[in-house]
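The values are calculated or read from the model by the stated rules, or taken from the named source; none is laboratory data. Being a predicted model, the structure only gives us computed values, none of them experimental. Every residue, glycine as well, gets a Cβ built from its backbone with ideal geometry; the counts of neighbours run over all protein chains shown.
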2 protein chains.
Amino acid sequence: MNIALLGHGVVGSGVTSILKEEKVTDLAVSKILVARKESIKDDRFSLDFEEIINDESIDVIVECMGGIEPAHSYVKRAIEAGKHVISANKKMLANHMELFELAKSRGVKLLVEASCGGGIPCISNLQRIARNDPIFSFEGILNGTSNFILSSIFEKDLGFKEVLKKAQELGYAEQDPSDDIKGYDVCYKSVILSYFAFSKIIDPKDVFTLGIDTLSDEDIAYARKNNKTIKLIGKAGYESDRFYIYVMPHFVDERSLFGSVDSNYNIFQSSSKYLGKASFIGQGAGSYPTGHSIVQDLLDLQQKKYTEERPAFRGLVENEREGIFYIRCRDHSFDELKEEMITADSFLTRECSLRKIQECMKNCDDETMFIGEMDL
Amino acid sequence: MNIALLGHGVVGSGVTSILKEEKVTDLAVSKILVARKESIKDDRFSLDFEEIINDESIDVIVECMGGIEPAHSYVKRAIEAGKHVISANKKMLANHMELFELAKSRGVKLLVEASCGGGIPCISNLQRIARNDPIFSFEGILNGTSNFILSSIFEKDLGFKEVLKKAQELGYAEQDPSDDIKGYDVCYKSVILSYFAFSKIIDPKDVFTLGIDTLSDEDIAYARKNNKTIKLIGKAGYESDRFYIYVMPHFVDERSLFGSVDSNYNIFQSSSKYLGKASFIGQGAGSYPTGHSIVQDLLDLQQKKYTEERPAFRGLVENEREGIFYIRCRDHSFDELKEEMITADSFLTRECSLRKIQECMKNCDDETMFIGEMDL
């Protein structure tokens, strides 16, 4: 099978290293698209996508460029040209879920294991479970950067801004970390996982998404005092037959399974009728773990071991799921939900739905507001 | 595909329930072997194995009888008759690993996902990882009964004998719980997992196996005082290119991943070159979780999604792996290893190998002795 890589950064170079070192039979990288002349290392490298898309010997295109454009246009053209595509690009995929239908209609595969959870085989296991076991819900710590920041805060007794700065210096966080710390990255992954778990196509804008960017020392102190730690968690599923999908910080017990997943490790947990809770933990990012997932997709393609997707449909998000929430807010927008005051600004809500929280948020003017769900 | 079930207890009835409720296409249970007349419910049931083995319409035999004989003879005859076999029987398989070679030579599949970790997809994920990622080692909490007992001791502040009695009353432990609490069950599972992880055939007698049957209040108090909990763990792999495989109680941090796996949940963790540590957690036993794994094997067979096993060879166990061990023993057999006394009878060893511990044990006359490895 002849492979072209689009992009040769952290992920792409992981793929070429694994294929070279492990000498996987009949998988050869014959073209590598890079953006700058200085990245060219040998005659497989090219600056011209047209050269790659017009090369009929290429069977599969591996997209690991990141960003929405031109990644989306390249993937679309590759599918239209009858080439299989493997992509690690959650942002592009979540915003262009129609690519899965396009791939089906052209009789090629679009495999995306590496887009969710780095090295964790989330999608292959979800698809395997779903063969004979209806999936009710999933939840996961799905972003390495925010989990690294949160773990460091709780392990090293540091504040949010201090840790973020350190993470940026170490290269664990981008200079613009919005996608990671505002929850968007987890939102994209939750959209993709909902496609495989529930055959639902969800618009990322319909996902109720909150991040850890407004986390304060006060919130951290409350968690500590109650033997809890804070994790940014994406969740989706059914409650009373109504679909919910959201990303939110959670106060979880230090000694719980989710509380034990630290640093750059991620966890993905599905709940299904017969298997119950099944959890998968591994490195959520990095050159080798993500490269491993892409090579798995290549092997599935080569060995025809992929699972045929079921028909998927646009899904309605109702967010009727109920919980108890910690809210810190300086105005009166959440007053009707107050149940137990913690400080002058922070309180626990009565049991209420996600939709109710979203409604109250519309009236809120406090940009420093922080909301987290209490894991009971 | 026509299926015959051997045995219709906890596991077998899980399989028939899932197949009936989920209406899996083209998988039909046409014969069910039971031991007693009173178990016969409809005309699929039979008391006669000969009727099943001689039925040429049967494609696959699912063995969920338990015990070594007659399960082993039935499986052997099924393979020789050219039928695929699925088995949940770890004790029989670990003691007859030659059945895998026999199946290969007859061109049929012997699929055993349900034999290790109940509902956890240990084997399918191990085989998937091993396609392009050399596996260095694995470890796991692989026995539900002992984990239920250990969790109850630490959660409810009870002693070992008290909890064992309660577990027996509730049906969570057998009347003869030796296989579970003496570590044999984990030994069998570690042997099977070593076959898939390392292509090694290990004699269960070569596995250094210790259980929790001699756990005392003194040992529990030591764990508590150090914010640790005790877990029975099976481990195998390479250290400095030398192979080790053993089953032993471990003192693990309360807040660690392994420390958070409680009750009837099990964990399986592999370490490989690119993926690093990958962990899989789920219910380690029970009708539906184990039934789910068997139905997965049936679907793999139907969809030809199984992985071809690599050639396997008899493996030498060297147990040169080193660690620090907690030992409680009333005689002098371990004196040379003492590093730090805890009580008059119990101490921590200096860093020493498993083989050294095994050697000292030969001279030990204290039947109440307890050994556990310290997780550092």
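Say whether the condition of being more than 24 Å from A:MET361 (Cα to Cα), touching a residue at least 24 places away in the same chain (Cβ under 8 Å) and more than 14 Å from chain B (Cβ to nearest Cβ) is met by at least one residue in the range A:221-229. Looking through the range A:221-229, at least one residue is more than 24 Å from A:MET361 (Cα to Cα), touching a residue at least 24 places away in the same chain (Cβ under 8 Å) and more than 14 Å from chain B (Cβ to nearest Cβ). Is it true that B:SER87 is outside the structural domain of B:VAL163 (by TED's automatic domain parsing), of a type outside the set (Val, Ile, Thr), free of Cβ contacts under 8 Å to residues at least 24 places away in the same chain and out of contact with any Lys or Arg (no Cβ under 9 Å at 6 or more places or on another chain)? It is false that B:SER87 is outside the structural domain of B:VAL163 (by TED's automatic domain parsing), of a type outside the set (Val, Ile, Thr), free of Cβ contacts under 8 Å to residues at least 24 places away in the same chain and out of contact with any Lys or Arg (no Cβ under 9 Å at 6 or more places or on another chain). Note on the range A:1-11: residues that are part of a loop (DSSP other than H, G, I, E, B) and within 14 Å of another protein chain (Cβ to nearest Cβ) amount to 1. Filtering the range A:266-284 down to residues that are surrounded by fewer than 24 Cβ atoms within 10 Å (Cβ to Cβ) and touching a residue at least 40 places away in the same chain (Cβ under 8 Å), which residue is nearest to the other protein chains (Cβ to nearest Cβ)? Once the filter is applied, the top-ranked residue is A:GLN283. Check the range A:149-157 and report whether any residue there is in contact (Cβ under 8 Å) with a residue 24 or more places away in the chain, of a type in the set (D, E, K, R), closer than 23 Å to A:PRO289 by Cα and outside any loop (DSSP other than H, G, I, E, B). No: zero hits.
Here A:ALA94, A:ALA88, A:ALA103, A:ALA78 are screened, and the one residue that is in contact with a Phe, Trp or Tyr (Cβ under 7 Å, 6 or more places away or on another chain) and either of a type in the set (Ser, Thr, Tyr) or buried (at least 20 other Cβ atoms within 10 Å of the Cβ) (or both) is A:ALA94. Do we have any residue at all in the range B:247-255 that's under 27 Å from B:LYS356 (Cα atoms), crowded, with 19+ Cβ neighbours inside 10 Å, in contact with a Leu (Cβ under 6 Å, 6 or more places away or on another chain) and more than 8 Å from chain A (Cβ to nearest Cβ)? Yes, some residue in the range B:247-255 is under 27 Å from B:LYS356 (Cα atoms), crowded, with 19+ Cβ neighbours inside 10 Å, in contact with a Leu (Cβ under 6 Å, 6 or more places away or on another chain) and more than 8 Å from chain A (Cβ to nearest Cβ). Against the definition (in contact with a Leu (Cβ under 6 Å, 6 or more places away or on another chain), within 14 Å of another protein chain (Cβ to nearest Cβ) and surrounded by fewer than 23 Cβ atoms within 10 Å (Cβ to Cβ)), how does B:ARG131 come out, yes or no? So B:ARG131 fits the description; yes. Could you tell me whether any residue of the range B:289-309 is without any contact (Cβ under 8 Å) to a residue 40 or more places away in the chain and either aliphatic (A, V, I, L, M) or in contact with a strand residue (DSSP E or B) (Cβ under 8 Å, 6 or more places away or on another chain) (or both)? Within the range B:289-309 (the criterion being without any contact (Cβ under 8 Å) to a residue 40 or more places away in the chain and either aliphatic (A, V, I, L, M) or in contact with a strand residue (DSSP E or B) (Cβ under 8 Å, 6 or more places away or on another chain) (or both)), the answer is no, since none of the residues qualifies. Against the numbered list (1) within 19 Å of B:TYR195 (Cα to Cα); (2) modelled with pLDDT of 95 or more, B:GLY118 comes up short only at (2).
Considering only the range B:95-144, state which residues are part of a loop (DSSP other than H, G, I, E, B) and more than 18 Å from B:PRO289 (Cα to Cα). Talk me through it step by step, then tell me what you get.
Here is the first cut: in the range B:95-144, the ones part of a loop (DSSP other than H, G, I, E, B) are B:96-97, B:107-109, B:112, B:116-121, B:131-134, B:142-143.
Listed by number, the residues that qualify are B:HIS96, B:MET97, B:GLY107, B:VAL108, B:LYS109, B:ARG131, B:ASN132, B:ASP133, B:PRO134.
Only one of the listed residues (B:ILE230, B:ILE201) is surrounded by 24 or more Cβ atoms within 10 Å (Cβ to Cβ) and of a type outside the set (Phe, Trp, Tyr). That residue is B:ILE230. In the condition set (1) over 21 Å from A:HIS292 (Cβ atoms); (2) within 13 Å of chain B (Cβ to nearest Cβ); (3) among the acidic types (Asp, Glu), A:GLU50 is compliant with all but (2).
Based on this model, can you work out whether A:ILE153 counts as aliphatic (A, V, I, L, M) and within 11 Å of chain B (Cβ to nearest Cβ)? Before the answer, list the steps.
Numbers: aliphatic (A, V, I, L, M): yes; within 11 Å of chain B (Cβ to nearest Cβ): no.
Against the criterion (aliphatic (A, V, I, L, M) and within 11 Å of chain B (Cβ to nearest Cβ)), A:ILE153 does not qualify.
Consider the range B:286-318 and keep the residues that are surrounded by 24 or more Cβ atoms within 10 Å (Cβ to Cβ) and within 25 Å of B:PRO204 (Cβ to Cβ). The one that is nearest to the other protein chains (Cβ to nearest Cβ) is B:PRO289. Taken together, the criteria place B:GLY14 among residues that are within 14 Å of chain A (Cβ to nearest Cβ), crowded, with 17+ Cβ neighbours inside 10 Å and within 21 Å of the chain's Cα centre (by Cα). Of all positions in the range B:306-319, at least one carries a residue that is closer than 30 Å to B:VAL85 by Cα and of a type in the set (S, T, N, Q).
Residues are listed down the side, and each one gets a yes or a no for (1) modelled with pLDDT under 95; (2) among the hydrophobic types (A, V, I, L, M, F, W, C); (3) farther than 27 Å from B:ALA312 by Cβ:
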{"position": "B:LEU5", "(1), (2), (3)": "no, yes, yes"}
{"position": "B:LYS23", "(1), (2), (3)": "yes, no, yes"}
{"position": "B:HIS72", "(1), (2), (3)": "no, no, no"}
{"position": "B:LYS83", "(1), (2), (3)": "no, no, no"}
{"position": "B:MET92", "(1), (2), (3)": "no, yes, no"}
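Scanning the range A:264-283 for residues that are polar (S, T, N, Q), touching a Pro at 6+ places or on another chain (Cβ under 8 Å) and closer than 15 Å to A:TYR238 by Cα yields a single hit, A:SER272.
Any residue at all in the range B:347-354 that's in a loop (DSSP other than H, G, I, E, B), surrounded by fewer than 18 Cβ atoms within 10 Å (Cβ to Cβ) and out of contact with any strand residue (DSSP E or B) (no Cβ under 8 Å at 6 or more places or on another chain)? The answer is no; no qualifying residue exists. Taking every residue in the range A:47-76 that is outside the structural domain of A:ARG106 (by TED's automatic domain parsing) and pairing it with any residue that is assigned to a loop (DSSP other than H, G, I, E, B) and at pLDDT below 95, at least 6 positions away or on another chain, yields no pair with a Cβ-Cβ distance below 9 Å.
Restricting attention to the range B:134-158, the residues being more than 20 Å from the chain's Cα centre (by Cα), surrounded by 20 or more Cβ atoms within 10 Å (Cβ to Cβ) and under 24 Å from A:ILE120 (Cα atoms) number 0. Taking the conditions exactly as written (in contact with a strand residue (DSSP E or B) (Cβ under 9 Å, 6 or more places away or on another chain), modelled with pLDDT under 95 and not aromatic (Phe, Trp, Tyr)), does A:LEU376 satisfy them or not? Yes; evaluated as a whole, the condition is true for this residue.
If you go through the range B:176-190 one residue at a time, how many are surrounded by fewer than 24 Cβ atoms within 10 Å (Cβ to Cβ) and not in a helix (DSSP H, G or I)?
3
Screening A:VAL252, A:VAL295 for residues that are aliphatic (A, V, I, L, M), outside the structural domain of A:VAL10 (by TED's automatic domain parsing) and closer than 30 Å to A:SER13 by Cα leaves exactly one candidate, A:VAL295.
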